[in-house]
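The values are calculated or read from the model by the stated rules, or taken from the named source; none is laboratory data. Everything quoted here is computed from the prediction, not taken from an experiment. Glycine gets a Cβ as well: all are built from the backbone with ideal geometry, and neighbour counts include every protein chain shown. What goes into the accessible areas is simple: the full protein's heavy atoms, side chains included, and nothing from ligands, DNA or RNA. Shrake-Rupley method; radii C 1.70, N 1.55, O 1.52, S 1.80 Å.
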Amino acid sequence: MLHSKNVKMTEGPIFRSVIVYSIPIVLSGILQIFFNAADLAVVGNFSQAKTTATAAVGATGSFISLIVNTVMGLSTGVNVTLARSLGAKEREQSSRISHTAIAVSVIAGILVGILGFLIAPFAMSITKCPPEAKEQAILYLRIYFCGAPGIFLYNFGSAVLRTKGDTRRPLNFLIVSGITNVVLNLIFVIVFRMNAEGVALATTLSQYLAAFLTFRCLLHQEDETRIDISCLRIHGKEFLSILRFGIPSGLSSAMYSLSNLQIQSAINHFGESAVAGNAAASSLESFIGAGITAVSAASTAFVGQNIGAGNRKRVGKVILACLTLVVAYSLILGVGMYLIGEPLYRIYVSNDHAAIEVAVLRGSLMLTLYWLMGIFNVFGAVSQTLGYAVLITVNSIIGICGIRTLWMQFFYPHYNTLEAVYICYPITWTLITLAHGVVFAVAYYRYQKKGTVH
């Protein structure tokens, strides 16, 4: 496993440091996607009801994203506030932020777990989950949300470690957790002959393992991010600061998830194979998203620490490095997947030709344009760190949720095809890139001219 060594963000070569910082996060994201993909692959190849179980797992994705990502937006607030505090070398405040983050993660995880468990049947009804997969989908959701406290504790704890430059240990913990997940998947599905509920149980148990390893690590830190159980509480000022950046980020995530929920409902209307094929394509595309997420996280941490340290010139260099990396990564993976997509889709849905056709269709319309998502994510992350989180949220509400809702309500019904569903993605990516670009330009200009942030 990789050993821990904090990346220096306020000094030294920028491009190399951003890459070194990002690689473990990319690997973490890819591993997490791989382990999630293992859920689909195992039920799609070894369960008793292959297509039904795959559709059940796939049909839950948008709802899980809506609930989890909305609250997980708070972790962005942790990144921004802690990065600024660490950059300014405010040790006591950094400690209070770290303790507040962990306390919030536990409370939020419990609340989200209860909410998700209770409304699972309603969620599968409003998303028009295929009737034959609905029972398994509800059971999958309920078991999955029992692991919500573990999901939140791992992610918030990882945010603390990554913000100070330690991206390697969260990766190590994910490797252990992920391997456990795959092994349990195979045991529950093959040995105990379970379906969707088997992979859900494996996921839940492995998430708690990752949370335990992360929390134990935080207990043994030797700096201001060390967690003392007796000091775990929500500190008012730090909590409000986290909310200031976290709520807009959470709302932005909610907008994406709400729009995807509408799109998932339309896809569910086309039946089991369409749901399974869409889930396969979406899972594969998530490997691109992992890199985008990593570089966005790097831009938040590096820009935040350099703002705290007063390094205005270095902030501009960090932004340029992050934009270069995210475009290169998105183009290389996107074009590569476009060229060899079908064999990869067969890993998920080996014998369902209709599902493979849906996956190929989605990929042909989206894979080569993911670089747009990379650009607007970096623009958004930097703008939020500079204090323009509210404007980024407004852009997301209008450009993503608003336009996609109008598209699905007024354009899609005239055609009622999967092509009409998928084409709304690149259209909204283009619009949100332009909108975020304007906010970023204003925020960056004001910061460079006045040296202050909101």
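Structural remarks
- Nearest 10 degrees, 0 to 90: helix 131-145 Cα axis against the chain principal axis: 30
- Anisotropy class of the stretch 303-454 from Cα gyration tensor, a/c 1.5 cut: oblate
- Rounded to the nearest 500, the helix-only mean residue ellipticity at 222 nm of the chain stands at -27000 deg cm²/dmol, with each DSSP H run of n ≥ 4 adding -39,500 (n - 2.57).
- When Arg216, Arg16, Arg314 are compared by accessible area of protein heavy atoms, the largest-first order is Arg16, Arg216, Arg314, using a 1.4 Å probe.
- Net charge of Cβ neighbours under 15 Å - reference Lys237; Lys, Arg +1; Asp, Glu -1: +1
- With the whole protein complex present, Leu232 retains an accessible surface near 60 Å², based on a 1.4 Å probe.
- Reachable lysines from Lys8, criterion Cα separation under 27 angstrom, eight or more residues apart if same chain: Lys89, Lys164, Lys313, Lys317, Lys449, Lys450
- Zone of Arg233's modelled label, taken as backbone nitrogen in the stretch 51-95 under 16 Å from a point 7 Å along Cα→Cβ: 93, 95
- The apolar share of the surface of the stretch 227-327, taken as the fraction of accessible area on carbon and sulfur atoms (1.4 Å probe, ligands and nucleic acids excluded), comes to 63 percent.
- Residue-count net charge about Val26 - beta-carbon cut-off 14 Å; Lys, Arg +1, Asp, Glu -1: +2
- Cα-based shape type of the stretch 359-431, given that a ≥ b ≥ c are square roots of the gyration tensor eigenvalues and the cut on a/c is 1.5: oblate
- Spacing of the modelled spin labels on Phe411 and Arg312, each 7 Å from Cα toward Cβ, amounts to 4.2 nm.
- Low-density loop cleavage sites - GluC sites (Glu not before Pro) in the stretch 171-230, where at most 10 other Cβ are within 10 Å (DSSP): Glu222
- Around Ile119: net Lys/Arg minus Asp/Glu count, Cβ-Cβ under 15 Å: +2
- Other-chain or far-sequence residues with amide H under 5 Å of His235's (modelled H): Thr100
- The separation of the stretch 352-420 from the stretch 235-279, counted between C-alpha centres, amounts to 12 Å.
- Projected label distance in nm at Ile187 and Ala88, using a 7 Å step from Cα toward the beta-carbon: 4.9
- Anisotropy class of the stretch 202-283 from Cα gyration tensor, a/c 1.5 cut: oblate
- Separation of the Ile398 and Arg216 label points, Cα + 7 Å toward Cβ, nm: 5.0
- Semi-axis lengths, Å, the chain, gyration tensor of Cα atoms, sqrt of 5 times eigenvalues: 34, 26, 20
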